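The block underneath contains the structure these notes are about, expressed in C-alpha cells.
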Amino acid sequence: MKYTDIRGVNASRMIMGCMRIADKPLEQTENLIVEAVRAGVNVFDLADVYAKGDCERVFGVALKDLGLAREEYVVQTKCGIRYADFGKYYDFSREHILTSVENSLKRLNTEYIDVLLLHRPDTLIEPEEVAAAFAKLRAAGKVRAFGVSNASAMQIQALEKCGVDIAVNQMQFSLGHTLLVDAGVNVNTMKDEAVTRAGDALEYCRLKNITLQAWSPLQFGFFGGVFIGNENFPALNAELDRLAEKYNATPAAIACAWILRHPAKMQVVTGTTSPERMRDMCVATEIELTREEWYSLYTATGKGVF
Ligand SMILES: NC(=O)c1ccc[n+]([C@@H]2O[C@H](COP(=O)([O-])OP(=O)(O)OC[C@H]3O[C@@H](n4cnc5c(N)ncnc54)[C@H](OP(=O)(O)O)[C@@H]3O)[C@@H](O)[C@H]2O)c1
C-alpha cells in the first residue's frame, strides 16, 4: 500500500467506500474491512445519506466488533444531501451541517470524524455559514479536516475566501468517466471534450495541494454499470487484459492503477463489497504504469489525443 498526506494524516491511496455495505451480511462487511486493513487500507468513506444512514450504522457496529483502535483508521463522511416529498435537495446551512454531524457521530459510534465532505454543491450556499459551522465542529474536536465532493475550482475558492481549509475534493473519475482530464487534454480545440464539465477541479486541486479522491473507479456514466468485462467496451477491455497479464494483476487493479498513475496523487474510492476483489485491487498501488500505457488506456476509452 502507498500513502498520502492529508493535513498531517497518513492516508492510504486506496479507500474502502462503504456505500454498498448496508444490505450485505454483517459478517461479509467485517471480512471486507479485515481484508482491506490487511492490505494497508486505513481510510473508510461514508455519507449520512448512504442507505439513509444504515451504512454509517453498519460500519460503526463492524468497527466495534473488530476492535480496531480508533486512531489507526480515518473515517470520512459527508453531509449536505437531503430528501423531501419532491425528491432530493442540497442543504449547506449551518444548522443542517451541525445536525448531520451529530447524527453521523452517533451512528458511527465515534467521538470524531477525521474528514467531513460537503457532498454535492448547494447553489444556495452561504460560504460564511459553512465556515462558522466548520469552525465550531473543529473547536469541539468533532471534525478534524474538511473537504468537498463534486466541486469546481470556483466553488472551492468561495469557501477558501471565508477561511475554510479544503483538504479533499472527491470527484467521479475512472476509465469510464474521464471528464476530469478531458478538458485539459483538449484545451482550445473544437472537440466536445474541450468543454469544461469538471470545473477545472483537477488543475486547481493540484495547485492548492487538495487531495482528489476518485469515486466509482469501475463505473461508466452515472452508475451505468461496470466497464470491466463489459462487451460495450471491447477496446478498453482488450487493453486492460493485456496490462493485467503484464503486471500479474486483475483488470480492475489496472483500472485503479490508471487513476493512481496520475501525478495529482489521487486516492481511489473502491466500492466492492467482496473481500477478494478488495485484496486484488489494492495491488494497484504497487503498479506504476508507464506514460505510454496510461495514454494507451485513455485512447482505448475512445477519447485520447488527436
Ligand atoms: N462523492 C460522491 O458523490 C460519491 C458518489 C458515489 C460513490 N461514492 C463513493 O465511492 C465509492 C465507490 O463507488 P462505487 O461502488 O460506485 O464504485 P465501483 O468500485 O466503481 O463499483 C463497485 C460495484 O461494482 C461491482 N463490481 C463488478 N465487477 C467488479 C470487479 N471486477 N471488481 C470490483 N467491483 C466490481 C461491485 O460488486 P461487488 O460488491 O460484488 O464486488 C460493486 O457493486 C462508494 O462506496 C462511495 O464511498 C461517492
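When only Cα pairs below 8 angstrom with a gap of at least 6 residues are kept, the stretch 236-303 shows a relative contact order of 39 percent. As a ratio to 2.2 N^0.38 Å, the alpha-carbon radius of gyration computed for the stretch 202-266 takes the value 1.26. Build a GNM of the chain with springs between Cα atoms under 10 Å: which of 50, 73, 89 gets the top mean-square fluctuation? Among 50, 73, 89, the largest mean-square fluctuation in the Gaussian network model of the chain belongs to 89. Length gained on full extension, residue 238 to residue 161: 23.1 nm, using 0.36 nm per residue less the C-alpha separation. Quick one: check the C-alpha center-to-center distance for the stretch 184-236 versus the stretch 1-46, whole angstrom. Going from one Cα centre to the other spans 23 Å. Normalised by the number of residues in the stretch 197-293, the mean separation of alpha-carbon contacts (under 8 Å, six or more apart) gives a relative contact order of 30 percent.
Rounded to 0.05, the FRET efficiency of the residue 94 and residue 187 pair, given R0 = 41 Å and the Cβ-Cβ distance, is 0.60. In a solvent-free Debye calculation with one equal scatterer on each Cα, what is log10 I(q)/I(0) for the stretch 1-146 at q = 0.13 Å⁻¹, listed in the order of the q values? Listed by q, the Debye log ratios stand at -0.58. The ellipsoid that matches the Cα gyration tensor of the stretch 155-306 has semi-axes, each √(5λ) in whole angstrom, of 26, 19, 14, with the longest given first.
A compact globular protein would have a Cα radius of gyration near 2.2 N^0.38 Å; the ratio found for the chain is 0.98.
Length gained on full extension, residue 139 to residue 5, computed as 0.36 nm times the residue gap minus the Cα-Cα distance: 46.0 nm.
So what's the net charge close to residue 100: Lys and Arg +1, Asp and Glu -1, counting the other residues with Cβ under 14 Å from its Cβ?
+2
Solvent-accessible surface of the chain, taken per residue with a 1.4 Å probe and all protein chains present: 46 Å². Here the sum of -39500 (n - 2.57) over DSSP H runs of 4 or more residues, divided by the residues of the chain, equals -11500 deg cm²/dmol at 222 nm, to the nearest 500. To put it simply, the accessible area of the chain at a 1.4 Å probe is 50 percent carbon and sulfur. In this calculation the C-beta distance from residue 246 to residue 69 is compared with R0 = 45 Å, giving a FRET efficiency of 0.70.
Among the lysines of the stretch 3-300, pairs that are 8 or more positions apart or on different chains and have alpha carbons within less than 19 Å of each other number 16. The 3J(HN,Hα) values that the Karplus relation (6.51, -1.76, 1.60; θ = phi - 60°) gives for the stretch 123-130 are, in residue order, 5, 8, 4, 10, x, 5, 5, 4 Hz. Gly and Pro appear as x.
The values are calculated or read from the model by the stated rules, or taken from the named source; none is laboratory data. None of the values given here were measured: they were computed from a predicted structure. Here Cβ is always computed from backbone atoms with ideal geometry, including for glycine, and neighbour counts include all displayed protein chains. To get the accessible areas, we keep the full protein, side chains included, count just its heavy atoms, and leave off ligands, DNA and RNA. Shrake-Rupley method; radii C 1.70, N 1.55, O 1.52, S 1.80 Å.
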